[in-house]
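The values are calculated or read from the model by the stated rules, or taken from the named source; none is laboratory data. Just so we're clear, the structure is a prediction, and the values are computed from it rather than from any experiment. Neighbour counts are summed over all protein chains in view; Cβ atoms, including those assigned to glycine, are modelled from backbone coordinates with ideal geometry.
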């Protein structure tokens, strides 16, 4: 099937990044969110990416204009009727994703593939909300999307080979390197990453070391580009907690139990960079 128009549900950090790489690959993009201000903010995020690249001489004003011109903002899910392929990048909540996929199944043409950028929720459960489970697949991008090369491609039990191959080729068209993962909670990336972050939070909780010491050990001792607590702040502590809860519910194994300190921070609204405070404080 030929893909000319690419739909993205969610204009936040991940959704705007996915919309950007799709537009940079030459596709027309519909970027949808529930409020105009969210859509506008997503467009501003993309514009700032280009402004930084222009300042460094790596991108041009013409490229910025071309890419932004390919992206149409939307607050109506019904606009996805024009899309040839849709990726959902909404908040990591199972009930919300289920609701979106039920609606997309009604709105989109029968042959359209519905992808999810979920970082932990099993694709089979999402696919079961639709009448096209063979056309549902996981397409998990990494943050920040324009810079990170990986896309995890996750088959549900009913995902067809055609759907998988189209998604794989689309990932490569976006300039990404796809990696196949089977449909278990957390897939590959977050089944490994999130327990590490959670254990770093336990180290802070148990006063094994300060936040700076924990991050320094992992950066300099393990050659990680940033420490796990700083990374958690970048991802969003609410997202980290949601993924750990999905892992714990899915495997019923105590090693996936979310750290009480992580839960306490989320309950306090300290979600990381997006709120100005997490394990570190940030100026807005």
Query raised in the report: Is there a residue being surrounded by fewer than 18 Cβ atoms within 10 Å (Cβ to Cβ) and out of contact with any helix residue (DSSP H, G or I) (no Cβ under 9 Å at 6 or more places or on another chain) anywhere in the stretch 4-20?
Result: yes
Query raised in the report: residue 79 passes all but one of (1) part of a helix (DSSP H, G or I); (2) more than 22 Å from residue 163 (Cβ to Cβ); (3) in contact with a helix residue (DSSP H, G or I) (Cβ under 6 Å, 6 or more places away or on another chain); which number fails?
Result: (3)
Query - For residue 187: the one exception among (1) out of contact with any strand residue (DSSP E or B) (no Cβ under 6 Å at 6 or more places or on another chain); (2) under 21 Å from residue 89 (Cα atoms); (3) assigned to a loop (DSSP other than H, G, I, E, B) - result: (1)
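With the structure loaded, tell me whether residue 262 is under 24 Å from the mean Cα position of the chain (by Cα), touching a residue at least 24 places away in the same chain (Cβ under 8 Å), surrounded by fewer than 21 Cβ atoms within 10 Å (Cβ to Cβ) and under 26 Å from residue 121 (Cα atoms) or whether it fails that test.
For residue 262, the condition - under 24 Å from the mean Cα position of the chain (by Cα), touching a residue at least 24 places away in the same chain (Cβ under 8 Å), surrounded by fewer than 21 Cβ atoms within 10 Å (Cβ to Cβ) and under 26 Å from residue 121 (Cα atoms) - is not met.
Considering 99, 129, which residue is out of contact with any strand residue (DSSP E or B) (no Cβ under 6 Å at 6 or more places or on another chain) and surrounded by 15 or more Cβ atoms within 10 Å (Cβ to Cβ)?
Working: 99 fails: surrounded by 15 or more Cβ atoms within 10 Å (Cβ to Cβ).
129 is the lone residue from the list that is out of contact with any strand residue (DSSP E or B) (no Cβ under 6 Å at 6 or more places or on another chain) and surrounded by 15 or more Cβ atoms within 10 Å (Cβ to Cβ).
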Query raised in the report: What are the residues in the stretch 135-163 that are surrounded by 19 or more Cβ atoms within 10 Å (Cβ to Cβ) and in a helix (DSSP H, G or I), if any?
Result: 135, 163
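Look through 196, 226 and report the one residue that is within 22 Å of residue 145 (Cβ to Cβ), modelled with pLDDT of 95 or more and either part of a loop (DSSP other than H, G, I, E, B) or over 24 Å from the mean Cα position of the chain (by Cα) (or both).
On the way: 196 fails: either part of a loop (DSSP other than H, G, I, E, B) or over 24 Å from the mean Cα position of the chain (by Cα) (or both).
Unique residue meeting the criteria: 226.
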Report task. Name the one entry in 111, 73, 115, 124 that is in contact (Cβ under 8 Å) with a residue 40 or more places away in the chain, in contact with a helix residue (DSSP H, G or I) (Cβ under 9 Å, 6 or more places away or on another chain) and exposed (fewer than 14 other Cβ atoms within 10 Å of the Cβ). Result -> 111
